[in-house]
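Worksheet: one structure, shown below.
The values are calculated or read from the model by the stated rules, or taken from the named source; none is laboratory data. The model shown is predicted, which means the values in this text are computed figures rather than measured ones. Counting neighbours? That spans all protein chains shown, and the Cβs are built from the backbone with ideal geometry, glycine included. Just so you know, the surface numbers come from the protein's heavy atoms only, side chains and all, with ligands and any DNA or RNA stripped out. Shrake-Rupley method; radii C 1.70, N 1.55, O 1.52, S 1.80 Å.
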Amino acid sequence: MGSYQNLLIKRNGFVTTVTINRPDKLNALNEPTRYELVQALDELKDDDGVRVVILTGAGEKAFIAGADIKDFEGRSPWDQFRAMKESGLFDKAEQFPKPLLAAINGFCLGGGCELAMACDIRVASEKARLGQPEINLGIIPGGGGTQRLPRIVPLGAAYKMLYTGEMINADEAYRIGLVDELAAPEALMERVEEIAATIASKSPVALALIKEAVKASKRTSLDEGLRVEAALFGMSFSSEDKVEGIDAFLNKRKAEFKGK
Ligand code: COA
């Protein structure tokens, strides 16, 4: 992996954890950090030794407390448009072709909440607090908050977060479906690593095809999505992993998937 100023990258077997490492600033996403995240995701995407990626924040307090507000001061509309478009972080995360898990260890605000929403699975510490506080700054979310939030939680719950800018606690986030599981703060990483290890033991080919099919479900009609699924289902029969999976089941042994 390349060297990063604002990220820590830890490999454990097929699972890689990317930790945003600006705890003094509650891991706020300044421009260099956004670019580093994009670069890291690009590297991890192409690395066959990586099957699952976990995103989390350094320190006890925050996952990510949003965009770095300092970057906004004095910035022109055109500069801000380019800053978002050129890094493309949120789309990059959503399009990442392998399972991407968010371990939400504290404040998860603004761009942090938007990045978590671009992940596939969100597990939060019971102490986490989530929100889209942009309205308090007189601006609106720009990393997908107005689009992904109402697709994940009930419409009224999305409006409430977006209009009031108030943070919600982890229980409420779980209740409305913004996070998928809660864990005690000290058990969070262990739990997310456990989920990641389970996923990493599966066929990487099948995982990639599932992700492709689920992504299609967000953008197509049911009929179209079912056609995409049928084509990808057929494609899954072309892999060595399929031969291995069926043979392992029939011979009552554990499958060893190679991602081929
Ligand atoms: N951008 C830039 N710096 C940020 C930041 C952000 N989004 N969030 C926190 N920080 C910095 C603070 O300025 C402070 O830096 P300093 O020590 O140099 O003054 C440091 O992180 C610690 O934050 P602090 O505000 O002292 O912690 P707190 O526990 O009192 O409050 C929050 C925590 C999350 C409630 C508060 O930091 C906050 O409201 N942050 C902004 C959240 C936000 O609006 N995000 C969306 C941006 S679009």
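Taking a 31 Å limit on the Cα-Cα distance, which of the listed pairs Lys218/Lys258; Lys92/Lys160; Lys25/Lys215; Lys70/Lys218; Lys70/Lys98; Lys25/Lys218 fall beyond it?
Details: Lys218/Lys258 29 Å; Lys92/Lys160 27 Å; Lys25/Lys215 33 Å; Lys70/Lys218 34 Å; Lys70/Lys98 33 Å; Lys25/Lys218 34 Å.
Those over the limit are Lys25/Lys215; Lys70/Lys218; Lys70/Lys98; Lys25/Lys218.
Can you give me the solvent accessible area of Thr17 with a 1.4 Å probe, rounded to the nearest 10 Å²?
It works out to around 10 Å².
Kindly provide the chymotrypsin sites (Phe, Trp or Tyr not before Pro) of the range 179-260 that DSSP labels as loop, not H, G, I, E or B, and whose Cβ sees at most 13 other Cβ atoms within 10 Å.
Working: sites: Phe233, Phe237, Phe249, Phe257; in loops: Phe237, Phe257.
Answer by residue number: Phe237.
Using only helices, what value at 222 nm comes out for the chain when you add -39,500 (n - 2.57) per DSSP H run of length 4 or more and divide by the total residues, to the nearest 500 deg cm²/dmol? Present the calculation step by step, with values, prior to reporting the outcome.
Details: 12 runs with 123 residues, N = 260.
Computed mean residue ellipticity for the chain: -14000 deg cm²/dmol.
In terms of the Cα gyration tensor, with a ≥ b ≥ c the square roots of its eigenvalues, is the range 172-260 rounded because a/c is under 1.5, prolate because a/b exceeds b/c, or oblate?
Values: a/c = 3.13, a/b = 1.21, b/c = 2.59.
Here the range 172-260 falls in the oblate category.
Could you tell me the extents of the range 204-250's C-alpha atoms along the three principal axes, largest first, rounded to whole Å?
The principal-axis extents, from largest down, are 36, 16, 15 Å.
For Phe81 and Gln5, what does the FRET efficiency come to when R0 = 22 Å and r is the distance between their Cβ atoms, rounded to the nearest 0.05?
On the way: r = 25 Å, r/R0 = 1.14.
Between Phe81 and Gln5 the formula returns 0.30.
By how many nm would the segment from Lys70 to Glu224 grow when fully extended, if each residue of separation counts as 0.36 nm and the alpha-carbon distance is taken off? Spell out each step's value before the answer.
Values: separation 154, 0.36 × 154 = 55.44 nm, distance 4.40 nm.
Net length gain for the segment: 51.0 nm.
Given axes a ≥ b ≥ c from the Cα gyration tensor, I'd like to know whether the range 25-127 is rounded (a/c under 1.5), prolate (a/b larger than b/c) or oblate. Display every interim value, and only then the final one.
Details: a/c = 2.14, a/b = 1.20, b/c = 1.78.
Oblate is the answer for the range 25-127, as a/c is 1.5 or above yet b/c matches or exceeds a/b.
With every protein chain left in place and a probe of 1.4 Å, what is the accessible surface of Met235, to the nearest 10 Å²?
Approximately 100 Å² of Met235 is accessible to the 1.4 Å probe.
Keeping all protein chains in place and using 1.4 angstrom, which order do Phe81, Phe90, Phe14 fall into by accessible surface area, from largest down?
Values: Phe81 110, Phe90 20, Phe14 90 Å².
Result, largest first: Phe81, Phe14, Phe90.
In the range 113-165, how does Rg compare with the Kirkwood Rh, expressed as the Rg/Rh ratio over alpha carbon atoms? It would help to have the intermediate numbers written out before the result.
Values: Rg = 10.9 Å, Rh = 11.5 Å.
Using Cα coordinates only, the ratio equals 0.95.
Please give the direction-averaged projected area of the C-alpha convex hull for the chain, in square nanometres with one decimal.
On the way: hull surface 59.4 nm².
Result: 14.9 nm².
Find which of Ile20, Tyr35, Met1 sits farthest along the positive direction of the dipole of the range 1-48, computed with +1 on the beta-carbon of Lys and Arg, -1 on that of Asp and Glu, about the Cα centre.
Value: Ile20.
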